[in-house]
Amino acid sequence: MKTVKPAAKPAATAHSADSVQADASAHAHGPDHAHGDSHEAALILAEDYCRERGEKLTPIRRKVLELLLNSGRATKAYSLLDEMRQIHPGSAPPTVYRALDFLLAAGLVHRIESINAFTVCHDLTHCRHGILVVCQQCGSVTELHEPKLRQSLVAQIEHAGYRLASDEIELKGLCSACQAAEAAALATSSAGGKANAGAGLKPAAAAGR
């Protein structure tokens with residue numbers, strides 16, 4: 001899979017269609033890593049995959065998948081509905097939810113439970129159900145493919161008497177871009193506070209003379 005970030009964030013480097021298979025064996029994936037030089041290449045790959053499964057990537061399903069690819073981040077269903085209505089004004093909620101249900105069942109997208117959103121599977125048709133690291137601020141998602149780590153974690157969970165409710169394991173965090181933005185905002189705020197404090201001292205000093 002890939003790391004998903006909002007439009008305001010820098011986009012990840014895209015790979016060629018042939019790199020989809022190579023990315024499937026990588027340890028971690030960024031937002032656009034598994035989707036070829038263009039989103040069109042990814043959509044064609046998804047269509048072929050569905051055809052091999054005896055299913056069809058209908059125009060509506062294809063459009064929802066395309067919107068998720070274009071988003072480059074985890075996107076909520078109502079946001080997808082808003083975008084669909086810009087293209088097809090008569091679109092209703094069930095239209096988007098049925099398409100999402102199909103894409104989930106086909107393994108083409110993930111549901112990010114912690115932020116109630118959806119993102120394209122970073123390996124697209126080669127989904128391996130890795131560990132998802134989710135930025136709680138911008139919706140960026142990175143999938144880590146560490147089989148041994150995942151197996152060890154699942155074993156510990158089962159040893160504790162629990163059974164996972166889904167194949168995905170989500171870890172909440174703050175991505176590097178959001179950390180940098182947070183640090184910059186803090187630095188700006190701190191500088192502004194010092195400037196204001198300095199300005200307040202000048203009248204007091206003048207009054208003392």
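How would you rank Thr58, Thr142, going from fewest to most other Cβ atoms within 10 Å of each one's own Cβ?
Working: Thr58 13, Thr142 25.
By the 10 Å Cβ count, ascending: Thr58, Thr142.
Going by how many other Cβ atoms sit within 10 Å of their own, how do Arg61, Arg111 line up, fewest first? Before the final figure, lay out each step's value.
Working: Arg61 22, Arg111 17.
Fewest to most other Cβ atoms nearby, the residues stand as Arg111, Arg61.
Treat the count of other C-beta atoms within 10 Å as a stand-in for reagent exposure and order His88, His145 from fewest to most.
Lowest to highest Cβ neighbour count: His88, His145.
FYI, it's all coordinate maths here, none of it is from the lab. A quick note: this is a predicted structure, and the numbers were derived from the prediction, not measured. Quick reminder, even Gly has a Cβ in these numbers, built from the backbone with ideal geometry, and neighbours come from all protein chains shown.
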